[in-house]
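Inspection log for the structure reproduced underneath, given as structure tokens.
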Amino acid sequence: MKVMRLLSSLKHDESERGIFHLGRALVKNEHTSIIVSSADEDNDLVKRLKRDGNIYHQLHMNKKSWLSLLQVTALRRLIEKYDPDVIHVHSRTPAWILHLALRRARVKRMPKLVSTMYGFYPINKYSQALLAVDTIITVSDSVTNYLKKGLRLEDADPKTIKRIYRGVDTRRYPYRHNPSVYWLRHTFAEYPELEHKKWLVFPTVIGNEYGQEWLIDILGNLQEQFPNIHVIIMDEDYRDDDVAHEDFRQRTNALGLADRITYVGSKRNDMREWLSAANIVMALANEPESIGINALQAIHLGTPVIGWDQAAFSEILQPLYPQGLVKKYNAKALCKAVKNQLESVTRPEMTNKFTMREMIEETLGVYQDLYDIALAEEQAETDAVAVSRIKRSLKKPSDAIHKSPDTNAATTTLQPEPPNKDAKVKLLKKNA
């Protein structure tokens, strides 16, 4: 089986998409894995893909860029070269390029198409190419319900829309992982204010949709009862022309809470250490979250997570850590949940749900089902052609029998031969 995957970029969080793990699994199962993206050939991520046995090609299919349409011909040539059985698109721009490339592609059999819907994309013309496929993979039940409602497909065939949760690599995020002494010493040397504090880690950047303003309510209401409480934000301490960031900084300064907040930057490769060292990981997105990968990673590490009872946070916390759910969307309920956790620590239990292995197996299952369908359709077409040939071959001798050679009539009546009278006389004499 040949599987081609189209991505705008390789810079997205690999934990969300499983790019490398999925490619490795395809190669391990003796399939052909072809990846097309905009990353340069000398990129470290590309080298990693090639090392795992993937075939890589660079095409600039940047998001929401009309210049990406210039890659239609190049993609068509790649499709004709490899003749893939399944093509998996991971975003909307590559989906449009794919549909345009397939219009004139010369292939033995049209490939089956798969797309993954990673968020609550608007159901509009731009998203149409992502939805015009054989199977749509959604990353949560919330996204599935949103998609069905938007397309008015509440009773859609489960083979058409398949929910596959994003998974965590449990080898990289093992249960009860502890940061190294070296990492802790280095962290305290860089951020001395963090030593001997209770860490509330906000594992995302500041933005209107991420809910950083709730941290002000937590610090304002709990700082007297917990004087060592401290918030850690995975964002830069300053960003130009960012209204949400500037508003948050001004409010914390005005309320005297700035000393209780540390910004450690967003471009880090030690997220696992921050999540495992945290006392609580906060999941406070104001808008419904489609994946919630950081919360999921924290739970697999055994770190308590507190978040709103909505969308992906609800789907993750309900089966894995229900005491972390805040059902009422207000500051009082949120502060109560944080207070209870700080007073009596209860950690999530080890789980085998929402794992990378489970995600890879289910995705490979989608590929295999579509491949089997393609083979069945091809066999049915071959059988139909064979039956048609047999019917034509049987029809020709029949026409020859019924055709009169003398009169060109449509049919010829066969008359029985007259009896041989001499044979009857000879028989009588012999009996006599």
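Can you spot a residue in the stretch 326-344 that is under 27 Å from Ile137 (Cα atoms) and not charged (D, E, K, R)? Quick ask: steps written out before the conclusion?
Filtering the stretch 326-344 for residues under 27 Å from Ile137 (Cα atoms) gives none.
Scanning the stretch 326-344, I find no residue that is under 27 Å from Ile137 (Cα atoms) and not charged (D, E, K, R), so the answer is no.
Taking the conditions exactly as written (buried (at least 21 other Cβ atoms within 10 Å of the Cβ), at negative phi and of a type in the set (Asp, Glu)), does Glu246 satisfy them or not? Talk me through it step by step, then tell me what you get.
Details: buried (at least 21 other Cβ atoms within 10 Å of the Cβ): no; at negative phi: yes; of a type in the set (Asp, Glu): yes.
No: the conditions fail for Glu246.
Hey, does the stretch 196-204 have a residue that's within 30 Å of Phe120 (Cα to Cα) and free of Cβ contacts under 8 Å to residues at least 40 places away in the same chain?
First, the residues of the stretch 196-204 that are within 30 Å of Phe120 (Cα to Cα): 200-204.
From the residues that got through so far, the ones that are free of Cβ contacts under 8 Å to residues at least 40 places away in the same chain too are none.
No, the stretch 196-204 has no match at all.
Looking only at residues that are small (Gly, Ala, Ser) and more than 23 Å from His177 (Cα to Cα) in the stretch 300-326, which one is farthest from the chain's Cα centre (by Cα)? I'd like the intermediate steps shown before the answer.
Start the filter on the stretch 300-326 by keeping residues that are small (Gly, Ala, Ser), which leaves 302, 307, 311-312, 314, 324.
With the extra rule that they be more than 23 Å from His177 (Cα to Cα), the set shrinks to 311-312, 314.
Working: Ala311: 17, Ala312: 14, Ser314: 19 Å.
Out of the qualifying residues, it is Ser314.
Screening Glu80 with (1) under 30 Å from Arg357 (Cβ atoms); (2) modelled with pLDDT of 90 or more; (3) among the acidic types (Asp, Glu) gives one miss only, at (1).
In the set Leu7, Leu26, which member is in contact with a Phe, Trp or Tyr (Cβ under 9 Å, 6 or more places away or on another chain), open to solvent by less than 30 Å² (accessible area, probe 1.4 Å) and either modelled with pLDDT of 85 or more or β-branched (Val, Ile, Thr) (or both)?
On the way: Leu7 fails: in contact with a Phe, Trp or Tyr (Cβ under 9 Å, 6 or more places away or on another chain).
After applying the criteria, what remains is Leu26.
Restricting Ser142, Ser91, Ser127, Ser115 to residues that are small (Gly, Ala, Ser), buried (at least 21 other Cβ atoms within 10 Å of the Cβ) and free of Cβ contacts under 8 Å to residues at least 60 places away in the same chain narrows the list to Ser115. Applying the condition of being surrounded by 20 or more Cβ atoms within 10 Å (Cβ to Cβ) and among the hydroxyl-bearing types (Ser, Thr, Tyr) to the stretch 145-183 and asking which residue is modelled with the lowest pLDDT yields Tyr146. Residues in the stretch 196-212: is at least one loosely packed, with under 12 Cβ neighbours inside 10 Å and more than 32 Å from the chain's Cα centre (by Cα)? Taking every residue of the stretch 196-212 in turn, at least one turns out to be loosely packed, with under 12 Cβ neighbours inside 10 Å and more than 32 Å from the chain's Cα centre (by Cα). Taking the stretch 274-289 as the range and being under 19 Å from Pro179 (Cβ atoms) and open to solvent by 20 Å² or more (accessible area, probe 1.4 Å) as the test, the residues that pass are Ala277, Asn279. In this structure, Val46 qualifies as closer than 24 Å to Ser266 by Cβ, under 21 Å from the mean Cα position of the chain (by Cα) and either among the β-branched types (Val, Ile, Thr) or at pLDDT 95 or above (or both). Among the numbered conditions (1) under 21 Å from the mean Cα position of the chain (by Cα); (2) open to solvent by 50 Å² or more (accessible area, probe 1.4 Å); (3) over 28 Å from Glu349 (Cβ atoms), the only one that Ile136 does not meet is (2).
Quick check on the stretch 339-379: of everything there that is part of a helix (DSSP H, G or I) and among the β-branched types (Val, Ile, Thr), which residue is surrounded by the fewest Cβ atoms within 10 Å (Cβ to Cβ)? Even if it seems obvious, please write down each step before you answer.
From the stretch 339-379, those part of a helix (DSSP H, G or I) are 339-343, 356-379; that's our starting set.
Retained after the next criterion (residues that are among the β-branched types (Val, Ile, Thr)): 360, 363, 366, 373.
Values: Ile360: 19, Thr363: 23, Val366: 20, Ile373: 14.
For the stretch 339-379, the residue satisfying everything is Ile373.
Residue-wise test of (1) out of contact with any strand residue (DSSP E or B) (no Cβ under 6 Å at 6 or more places or on another chain); (2) touching a residue at least 40 places away in the same chain (Cβ under 8 Å).
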{"residue": "Ala25", "(1), (2)": "yes, yes"}
{"residue": "Asn43", "(1), (2)": "yes, no"}
{"residue": "Leu69", "(1), (2)": "yes, no"}
{"residue": "Lys81", "(1), (2)": "yes, no"}
{"residue": "Pro84", "(1), (2)": "no, yes"}
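Close Cβ contacts (under 7 Å, 6 or more residues apart or on different chains) running from residues in the stretch 334-359 that are among the basic types (Lys, Arg) to residues that are assigned to a helix (DSSP H, G or I) comprise Lys339/Leu222; Lys353/Pro319; Lys353/Leu320. The test for being open to solvent by less than 60 Å² (accessible area, probe 1.4 Å) and at pLDDT below 80 holds for Ser404. Quick check on the stretch 96-108. Is at least one of its residues open to solvent by 40 Å² or more (accessible area, probe 1.4 Å), closer than 30 Å to Glu30 by Cβ, among the charged types (D, E, K, R) and modelled with pLDDT under 90? Checked the stretch 96-108: at least one residue is open to solvent by 40 Å² or more (accessible area, probe 1.4 Å), closer than 30 Å to Glu30 by Cβ, among the charged types (D, E, K, R) and modelled with pLDDT under 90. Condition check for Pro227 on (1) open to solvent by less than 80 Å² (accessible area, probe 1.4 Å); (2) farther than 30 Å from Val114 by Cα: one failure, at (1).
Residue pairs whose Cβ atoms lie under 6 Å apart, sitting 6 or more positions apart in sequence or on different chains, and linking a residue in the stretch 236-254 that is part of a helix (DSSP H, G or I) to a partner that is open to solvent by 80 Å² or more (accessible area, probe 1.4 Å), are Ala244/Asn208.
The values are calculated or read from the model by the stated rules, or taken from the named source; none is laboratory data. Note that the structure is predicted; figures quoted are calculated from it, not measured. Positions of Cβ are generated from backbone atoms using ideal geometry, with glycine treated the same way; all protein chains shown enter the neighbour counts. SASA here: full protein model, heavy atoms, side chains in, ligands and nucleic acids out. Shrake-Rupley method; radii C 1.70, N 1.55, O 1.52, S 1.80 Å.
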